[in-house]
Amino acid sequence: MTLPVRMFVSGTFLLCACASGCTDQSGELPTGAAGPSPASLDVLSKDGLVAPPNLADVYAKVDESRDDWDTEASNAAVGARLKLLASRFETGALTELEAVAAADYEGSALRPSDLQEIYRDESLVVLRAEPAAGSTPRRGSSGLVRSFESLRAPFTDSGEVDLELHVSHIEDEGDLIRTAVHANTFGRTTDGLVQQNMEWLCEWSRAGVELLLTGITVTRYEEVAHLGGETWFADCTEAVLGGNASFSEQILPSIDHWRGNLDAGLGISVAGHQGIAIGDANGDGLDDLYACQPGGLPNLLFLRQPDGTAVDASRASGADVLEESRGALLVDLDDDADQDLVVQTISHTLVMANVGNAEFAVRYVARTPMATTVAAADYDDDGRLDLYVCCYSSPTMEKPPVPYHDANNGHANFLLRGKGDLQFEEVTGAVGLDRNNRRYSFAAAWEDYDDDGDQDLYVANDFGRNNLYRNDGGRFTDVAATAGVEDISAGMGVSWGDWDADGDMDLYVSNMHSNAGGRVAYQTRFHLGADHETLQAFRRHARGNSLFSNNGDGTFTDVSEDAAVTMGRWAWGAIFVDLNNDGREDILVPNGFITNEDTKDL
């Protein structure tokens, strides 16, 4: 009997027929035949016999002790000790830290004594200290305990305190390991709340059985105290949306729930790349919320009520699109004083007219594969808004970015020129925006950065360089390189604002800060044979967010590190906004991604 066998190999579904005689009717191998092992199993393909990936080798990469990257094995050992430090700090069992310190431990005070106040308003105080090279060192295991006692001093004994420690760089010299560590605390004090932002250089000895700390040097310390006991913002999601069935039935269930209960063919996505739009959909003067959802779940329109709650009007609005949607925009496209709706689905851009009372009807459809976001501006000064559509390619489902650090092989972006009456024409190539146009784009923002009266365009791209398209009378030129804002990294978002109040528009780009990248990409064995420029590009990917100051002459200066704004974690669409009404532009940085029970992995 010949039995069909189904298997997955490298993501490809294969249907193989066993050759006659490979088994008897009991399903056992013929006498004397050797059974295939998971590491050597061959399967039939149209090209003949090919071996699937050696899964034992793949799984070995999960275990640092079996991987061939010694520095990552050392990082795992350091991580275990840092986890112990954090645990003892959070519980207040500081005397138990003596077990982590070497007998010859020598380190600086973790909370400097010479803190200087650099900012104060009615609710916020910011203190900083320069690294104190001449400060009295703390020695021995008791010195380590005293250092952590001083760090914990601002917090109340009964309140919860969190300490996060992440290794961002590592040097392994055998018995000596040096690590750069991002350290952050947050907790309650008698007056309010305190957050400490620090960078440490830690040295470890493994001359004995266990890894022991021989020193901690504080290279950056910042303390932010919020007076009054409460934070500026409070989570009001349930209070605003909780009265709607869609909140409990669609929003609250996890992505894992929907992946297990919706057919994959509907487009349910694990990535969480669904955006929102804010605008006045029904003309009552109150901002409403339009939320995109994964495929199989309808997009939602919530109309804000005078009492602060919001009512689900999705079905009545006609905007309850079922196709997987990535981004949306509420904007008056036909100049009739109400907000129209643009929706980016996985395959198309939908332009929907607001026909009154928050009801929408599709007026224009453009095919825009893998669209992510849309930005509107009147680029040609004809009085009609135009749409720039960013598109992406799934690195796992379609094609990988090549090369990883400088890819330009994704789906093309589009410029849709407004013709009036909610009709558009695609003019990407005609205006010069087809250059460097396949770069896995996540976000775009219009702004007249050179102050010449027309709207220029910045595009944030994943896997490499970004674009700055200068607009000269309706024709665009990519000047990102000469302007100094290519920002080779994993671009996720972009925002314009005047951060230094000099009248020029500056640029903030959201990227990914990667501790793992900071450790691995700086090892001498990383990417052997690559030239210096390529290595620097990979390393730049790990740095994080970028702030570019406009020089007023068409160029920008990267002030990211001096302004201390690179550490935005896995950042997305950061924006300039004056959060505390002091007349200066602050930066709000959303961050995170799909995670698991360990919420500190990002």
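The values are calculated or read from the model by the stated rules, or taken from the named source; none is laboratory data. None of the values given here were measured: they were computed from a predicted structure. For neighbour counting, all protein chains shown are included, and Cβ atoms are generated from backbone atoms with ideal geometry for every residue, glycine included. Heavy atoms of the whole protein, side chains included, go into the accessibility calculation; ligands, DNA and RNA do not. Shrake-Rupley method; radii C 1.70, N 1.55, O 1.52, S 1.80 Å.
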Note to self: Below 14 angstrom from the Cβ of S142, what's the summed charge of the other residues (Lys, Arg +1; Asp, Glu -1)?
What the structure shows: -2
Next item on the list: Rounding to the nearest 20 debye, state how big the charge dipole of the chain is about its Cα centre with +1 on each Lys and Arg Cβ and -1 on each Asp and Glu Cβ.
Entry: 2420 debye
Checklist line | Relative contact order %, region 283-432, counting alpha carbon pairs below 8 Å whose residues are six or more apart | finding: 14 percent
Note to self: Between R435 and D104, what is the label-point separation in nm under the 7 Å Cα-to-beta-carbon projection?
What the structure shows: 6.0 nm
Notebook entry, point to check: Got a number for the accessible area of F442? Probe 1.4 Å, square angstrom, nearest 10.
Noted result: 20 Å²
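Quick one: with all protein chains in place, what share of the accessible area of region 153-276 is carbon or sulfur, to the nearest percent (1.4 Å probe)?
After summing per-atom areas, the C and S share lands at 51 percent.
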Margin query: Show me the ranking of peptides 407-418, 107-118, 522-533, 498-509 by mean Cβ neighbours inside 10 Å, starting with the highest.
Written below: 407-418, 498-509, 107-118, 522-533
Margin query: Please list V402, V224, V389 from largest to smallest accessible area, probe radius 1.4 Å, with all protein chains kept in place.
Written below: V402, V224, V389
Notebook entry, point to check: Given L165, S248, S314, which one lies farthest toward the positive end of the charge dipole of the chain, if we put +1 on the Cβ of every Lys and Arg and -1 on the Cβ of every Asp and Glu?
Noted result: L165
Next item on the list: Would you mind calculating the gained length between Q423 and K83 on full extension (0.36 nm times residue separation, minus the Cα-Cα distance), in nm to one decimal?
Entry: 116.6 nm
Notebook entry, point to check: By per-residue mean of other Cβ atoms within 10 Å, what is the highest-first order of 172-182, 458-468?
Noted result: 458-468, 172-182
Notebook entry, point to check: How much area per residue is accessible in the chain when the probe is 1.4 Å and only protein heavy atoms are counted (Å²)?
Noted result: 50 Å²
Next item on the list: Give me the number: length gained by fully extending I276 to L588, i.e. 0.36 nm times residue separation minus the C-alpha to C-alpha distance, one decimal in nm.
Entry: 110.7 nm
Notebook entry, point to check: At D562 and S347, where each label point lies 7 Å from the Cα along Cα→Cβ, what is the point-to-point distance in nanometres?
Noted result: 5.1 nm
Note to self: I want to check the label-to-label distance for E90 and T482. Put each point 7 Å from Cα in the C-beta direction and report it in nm to one decimal.
What the structure shows: 5.3 nm
Checklist line | Relative contact order [Cα under 8 Å, 6+ residues apart], the chain, whole percent | finding: 6 percent
Next item on the list: Provide T555, T185, T190 ordered by accessible surface of protein heavy atoms (probe 1.4 Å), highest first.
Entry: T190, T555, T185
Check: So how much slack lies between H527 and N357, counting 0.36 nm per residue of separation and subtracting their Cα-Cα distance, in nm?
Finding: 55.4 nm
Notebook entry, point to check: Given H placed 1.01 Å from N in the peptide plane, which residues other than close sequence neighbours of T372 have an amide H under 5 Å from its amide H?
Noted result: C390, C391, Y392
Check: Under unit Cβ charges (Lys, Arg +1; Asp, Glu -1), what dipole magnitude, rounded to 20 debye, does region 159-267 have relative to its Cα centre?
Finding: 80 debye
Margin query: Sort 351-364, 267-280 by the packing proxy (mean of other Cβ within 10 Å over each peptide's residues), most packed first.
Written below: 351-364, 267-280
Note to self: Using a Förster radius of 45 Å, what is the FRET efficiency between E171 and H257 based on their Cβ-Cβ separation? Nearest 0.05, please.
What the structure shows: 0.55
Next item on the list: Convert each backbone phi in region 418-426 into a coupling constant with the Karplus relation 6.51 cos²θ - 1.76 cosθ + 1.60 (shift: θ = phi - 60°), then list the ³J(HN,Hα) values in order as whole Hz, x for Gly and Pro.
Entry: x, 10, x, 6, 6, 10, 9, 10, 7
Notebook entry, point to check: Using modelled amide H (1.01 Å from N, peptide plane; none on Pro or chain starts), what sits under 5 Å from the amide H of D287, excluding residues fewer than 5 places away?
Noted result: none
Next item on the list: Using only C-alpha positions, report the orientation-averaged shadow area of the convex hull of region 412-463, nm², one decimal.
Entry: 4.4 nm²
Note to self: Please report the accessible area of R543 (heavy atoms, 1.4 Å probe, ligands and nucleic acids excluded) in Å², nearest 10.
What the structure shows: 50 Å²
Note to self: Considering all alpha-carbon pairs of region 346-446, what whole percent are spaced by more than 24 angstrom?
What the structure shows: 27 percent
Note to self: Tell me the label only: which of (i) 192; (ii) 224; (iii) 241 is volume of the Cα convex hull per residue in Å³ as calculated from this structure?
What the structure shows: (ii)
Next item on the list: Would you work out the relative contact order for region 92-190, in percent, from Cα pairs under 8 angstrom that are 6 or more residues apart?
Entry: 26 percent
